[in-house]
Amino acid sequence: MAVRELPIASYRSKLLNRVDVAEGTVAFYFQKPPGFDFQPGQSADLTFLNTPETDSEGNTRTFSIASPPFESELMFTTRMRDTAFKRSLRKVPLGTALKMDMATGSFTLHKNSAKPAVFLAGGIGITPFFSILRQADHDQIPHKLYLFYSNRRPEDAAFLETLQRMITTNPNFRFIGTMTDMSQSDQDWEGETGHVNKEMLLRYVDDLKGPIYYIAGPPAMVAGLRKMLVTSGIDEDDIRADEFAGY
């Protein structure tokens, strides 16, 4: 059987494991191909070479790389929708090879450590920030880092416990979790409630005009937070955004 030639910028990677990390959210672990390099916050395309099924959305998806570069495997984390791609990802045997394109994107941490970073994540928008924050913790970089992480309930919040523990290992990291619908939760929650707004930011960030802001989440949330920041006097040059549509 002939082996299909892949472009120089593509790799083959085997699916190694699947782990539920929140209700309706699954982390998929893949081999890190030799020569595959990336910066925390970047994304990569995954394509089924031989998919069990397909639909109008096609056989390729773009995922933020949720694992940090220092780890030996790659992790992609996603909300599970009822699409052919995600059904296939859920049921194909471990060891199945997919095509993985080179990492791309500029949604990465700024270099000037004198300027804090404020990450505003909604739901699965946590994935690029999880990579950035774990690498920052590993490298003990000097940046001050604030994560505002909004979910409906703790049950929906991927990586919540890991992020909460990170405040003990990185003195420059501040974690602010907030839940918007605790009436639907069976868990206790002692953190913030409600949507991220200017008043919530001011409770934790001394000077709103000092940091670089990064927003990741559903398009409506990203647009709302961008508007809130601009009306709060934040320069648009200090706002970076990544929309997660349909995930």
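The values are calculated or read from the model by the stated rules, or taken from the named source; none is laboratory data. Treat the numbers as computed from the prediction; the structure is a model and nothing was measured. Here Cβ is always computed from backbone atoms with ideal geometry, including for glycine, and neighbour counts include all displayed protein chains.
The residues of region 219-247 that are surrounded by fewer than 17 Cβ atoms within 10 Å (Cβ to Cβ), of a type in the set (A, V, I, L, M, F, W, C) and not in a loop (DSSP other than H, G, I, E, B), listed by number, are Ala220, Ala223, Val230.
Restricting attention to region 35-55, which residues are surrounded by fewer than 16 Cβ atoms within 10 Å (Cβ to Cβ) and over 23 Å from the mean Cα position of the chain (by Cα)? Full working, then the answer.
Narrowing region 35-55 to residues surrounded by fewer than 16 Cβ atoms within 10 Å (Cβ to Cβ): 35, 37, 49-50, 52-55.
Correct list: Leu49, Asn50, Pro52, Glu53, Thr54, Asp55.
The set of residues from region 184-218 being assigned to a loop (DSSP other than H, G, I, E, B) and touching a residue at least 40 places away in the same chain (Cβ under 8 Å) comprises His195, Val196, Val205, Gly210, Pro211, Pro218. Scan region 105-122 and tell me whether some residue there is within 28 Å of Gly210 (Cα to Cα), out of contact with any His (no Cβ under 9 Å at 6 or more places or on another chain) and of a type in the set (Phe, Trp, Tyr). Yes, region 105-122 contains at least one residue that is within 28 Å of Gly210 (Cα to Cα), out of contact with any His (no Cβ under 9 Å at 6 or more places or on another chain) and of a type in the set (Phe, Trp, Tyr).
When the test is whether a residue is charged (D, E, K, R), outside the structural domain of Pro219 (by TED's automatic domain parsing), touching a Lys or Arg at 6+ places or on another chain (Cβ under 9 Å) and on the phi < 0 side of the Ramachandran plot, Lys86 passes it. Taking the numbered list (1) exposed (fewer than 12 other Cβ atoms within 10 Å of the Cβ); (2) in contact (Cβ under 8 Å) with a residue 24 or more places away in the chain; (3) not basic (Lys, Arg) in turn, Asp82 passes all entries but (2). Which of the residues belonging to region 163-183 are in contact (Cβ under 8 Å) with a residue 12 or more places away in the chain and within 15 Å of Arg153 (Cβ to Cβ)? Result: Gly177, Thr178, Met179, Thr180, Asp181, Met182.
The single condition from (1) free of Cβ contacts under 8 Å to residues at least 60 places away in the same chain; (2) under 20 Å from Ala27 (Cβ atoms); (3) in a strand (DSSP E or B) that Phe148 fails is (2).
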